[in-house]
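Okay, structure first, notes after.
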């Protein structure tokens, strides 16, 4: 969409050229709307404002205090970013209400309709470039935050996996049988048993020998 806006800001284009670019621009905006309305995770629509903001706490360890918390904004509205870009009013940058990627119309919290994002004229295209740059900046910032959180969670998962392996290894050493040692004990017991039987046989043979001599 930014590329189309840059093209439309070219003074050599005619109104009909810009109108053709505007048509493509509108279709791309509709695609953003569709993505926002249909993107779900774990059954939740995460880009249309349905998810309330607040702190999310994850339990990441074996102990009661092993938690990881993160604060999320309410469903953000792309139209708020449009308001800021077009009017220079940072108060419009509030992330409440529903996600609305419809860049054709933008209404602030007071219900005042601002100038729509359009590339149908050279001046509109210039304003649209600034608005889109604000949107891109916000998305980049959000991706950086989510990437940092993802790396932190992956590190925690890796650490917990190592702990689980170490615990399993320790449990194995404590409770599992040492095969070589147990085989050695079995052989020893077998030898002792055979020796006892042999001694008993010799002990029983002596009275018989004595009786034989007497006869």
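Coordinate-derived values only; no laboratory data. Treat the numbers as computed from the prediction; the structure is a model and nothing was measured. All Cβ positions, glycine included, derive from the backbone under ideal geometry; neighbour counts span all protein chains shown.
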Highest mean packing first, using Cβ neighbours within 10 angstrom, the peptides 130-143, 185-198, 7-20 sort as 130-143, 7-20, 185-198
Apply 1/(1 + (r/R0)^6) to the Cβ-Cβ distance of residue 38 and residue 171, taking R0 = 41 Å, and write down the FRET efficiency to the nearest 0.05.
0.30
What is the distance, in nm, between label points placed 7 Å from the Cα along the Cα-to-Cβ direction at residue 16 and at residue 192?
10.7
